[in-house]
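Report on the structure given below.
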Amino acid sequence: ASRTDRTIDLAVIPGDGIGPEVVAQGLKVLTAVLPQDVKLETREYDLGAKRWHATGETLPDAELEDLKGHDAILLGAIGDPGVPSGVLERGLLLKLRFAFDHFVNLRPSKLYPNTASPLAGRPDIDFVVVREGTEGPYVGNGGTIRKGTPQEVANEVSVNTAFGVERVVRDAYARAQARPRKKLTLVHKNNVLVHAGHLWKDTFDRVGREYPDVTTDYLHVDAATIFLVTDPARFDVIVTDNLFGDIITDLAAAVSGGIGLAASGNINPTRAFPSMFEPVHGSAPDIAGTGKADPTATVLSVALLLRHLGYEAEAARIDEAVTADLAEREGTTRTTDEIGDALAARVAG
Ligand code: ATP
Ligand code: MG
């Protein structure tokens, strides 16, 4: 394709609560950062709690089919307190993740200027967690017997396949190799979870022989939580399973500036299906409609989206704009819109 017919065909799921507010700013910055010759096409999908309340639908198959045709998906936030727990998680978010085989859940953690970290001395935090997205205890493999009796037994099976572990470990090595420090840490618990743990460790060691320039390290998950607080600078890229990844990425977000800045990608690196990018935070019904939502996490998710689609220079401009904006923000309170406008102006300029 010539440089004049580039198009990004984006599906947008604004969702609930502050979702639509932050997504609007993400799109504003995306429009501003793209070169003139790149055409942005967007289609909005009405999915989430509002839709469920109105129709009882979470993600109809026809819409799942339509979503498949896009280059990528930008999601705001899904959910409100009126929807029973699990309905939208399983019926929408996990359904998308499994249908599009989002086996890499990517969550960068970086300490930006003037952000609240509970860590004293503001250590140099700049790492990325590669969390496995399609296996582990999240596959819904299990069951309950003698339910409701004192003898109830609940099994929740953690599924780990050689195929699934190897592909995410390979992705993590490639990401580590592309970063200046080239360091990869495997986080697991192979002293206790011996079956899954050894599959992960053996795979990690074997694939590592193909990446002699990547420094490797192994930590049990309990030790990793300590180091994330006492010495986060030791991490560059972390690879881990679905459950451990869920927990340590929330911890990572907390120590590195909070929920208003945490971005994430649910990625299928093979590009067989569209990848989905979203802020880590939820729909925040307590501040919806007040203009208090910080759109920065969504804007940083747009940067991950651009990087995934090969727009590295544009992604880097967004990262720089966020750093510069936060450096000057100190003490000021700005609305969702004002932050979006400031970031859009910076990436355009
Ligand atoms: P979910 O179950 O959807 O993850 P949650 O209840 O765990 O939702 P959030 O919706 O993320 O959590 O909100 C947690 C807290 O963080 C709330 O007090 C909310 O107002 C605040 N918060 C979340 N996102 C933002 C944001 N972008 N800007 C400012 N505050 C936010
Ligand atoms: Mg939450």
Subject >> Under 12 Å, Cβ to Cβ, from LEU75 - net charge with Lys/Arg +1 and Asp/Glu -1 >> reply: -2
**OP:** Would you mind ranking GLU278, GLU156 by Cβ crowding within 10 Å, fewest neighbours first?
**Re:** GLU156, GLU278
**OP:** Return a whole-number percent for the relative contact order of the chain, with Cα pairs under 8 Å and 6 or more residues apart as the contact set.
**Re:** 25 percent
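Where a ≥ b ≥ c are the square roots of the eigenvalues of the C-alpha gyration tensor, would you call the chain rounded, which needs a/c under 1.5, or, failing that, prolate if a/b is larger than b/c, or oblate?
Values: a/c = 1.42, a/b = 1.17, b/c = 1.22.
Rounded is the answer for the chain, as its axis ratio a/c remains below 1.5.
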**OP:** Using only the Cα atoms of segment 251-349, build the gyration tensor, take square roots of its eigenvalues as a ≥ b ≥ c, and label the shape rounded, prolate or oblate: rounded if a/c is under 1.5, else prolate if a/b is larger than b/c, else oblate.
**Re:** oblate
**OP:** Taking H placed 1.01 Å from N in the peptide plane, check which residues at least 5 places from LEU40 or on another chain put their amide H under 5 Å from its amide H.
**Re:** ILE8
Original post:
Let a ≥ b ≥ c be the square roots of the eigenvalues of the Cα gyration tensor of segment 112-184; is it rounded (a/c under 1.5), or, if not, prolate (a/b larger than b/c) or oblate?
Top reply: oblate
Original post:
So which aspartates and glutamates can LYS201 reach, going by Cα to Cα under 17 Å and dropping same-chain residues fewer than 8 places off?
Top reply: GLU132, GLU135, GLU166, ASP171, GLU210, ASP217, ASP222, ASP241
Original post:
Looking at the chain, what % of its DSSP beta bridges pair antiparallel, to the nearest 5?
Top reply: 40 percent
Original post:
lysines near LYS95 by alpha-carbon distance under 19 Å, same-chain residues fewer than 8 away left out - which ones?
Top reply: LYS50, LYS68
Original post:
When only C-alpha pairs under 8 Å and at least 6 residues apart count, what is the relative contact order of segment 220-349, in percent?
Top reply: 19 percent
Subject >> Alpha-carbon Rg with Dmax, taken over segment 79-160, Å >> reply: 18.7, 54
Original post:
Which cross-chain or sequence-distant (5 or more) residues have an amide H under 5 Å from the amide H of ASN268, H modelled 1.01 Å from N in plane?
Top reply: SER275, MET276
Original post:
Using only helices, what value at 222 nm comes out for the chain when you add -39,500 (n - 2.57) per DSSP H run of length 4 or more and divide by the total residues, to the nearest 500 deg cm²/dmol?
Top reply: -12000 deg cm²/dmol
Original post:
Net charge near THR58, counting Lys/Arg +1 and Asp/Glu -1 over other residues with Cβ under 9 Å of its Cβ?
Top reply: +2
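For GLU278, what is the net charge nearby, where nearby means another residue's Cβ is under 12 Å from its Cβ and Lys, Arg count +1, Asp, Glu -1? It would help to have the intermediate numbers written out before the result.
Details: positive: ARG97, ARG107; negative: none.
It works out to a net charge of +2.
Would you order ILE8, ILE238, ILE287, ILE339 from fewest to most other beta-carbon atoms within 10 Å of each residue's own beta-carbon?
ILE287, ILE8, ILE339, ILE238
Taking neighbour Cβ counts within 10 Å as the exposure measure, how do THR144, THR298, THR335, THR249 sort from fewest upward? Please report the intermediate quantities before stating the final value.
Details: THR144 11, THR298 31, THR335 15, THR249 24.
With the fewest neighbours first, THR144, THR298, THR335, THR249 line up as THR144, THR335, THR249, THR298.
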Original post:
Percent relative contact order of segment 1-76, based on C-alpha pairs within less than 8 angstrom and at least six residues apart?
Top reply: 53 percent
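Nearest-5 percent of antiparallel DSSP beta bridges in segment 166-302? Present the calculation step by step, with values, prior to reporting the outcome.
Numbers: 4 of 14 bridges.
Antiparallel bridges make up about 30 percent of those DSSP assigns within segment 166-302.
FYI, it's all coordinate maths here, none of it is from the lab. Bear in mind that the values here come from a model prediction, so they are computed numbers and not experimental data. In this analysis, Cβ positions are derived from the backbone assuming ideal geometry, glycine residues included, and neighbour counts consider all displayed protein chains.
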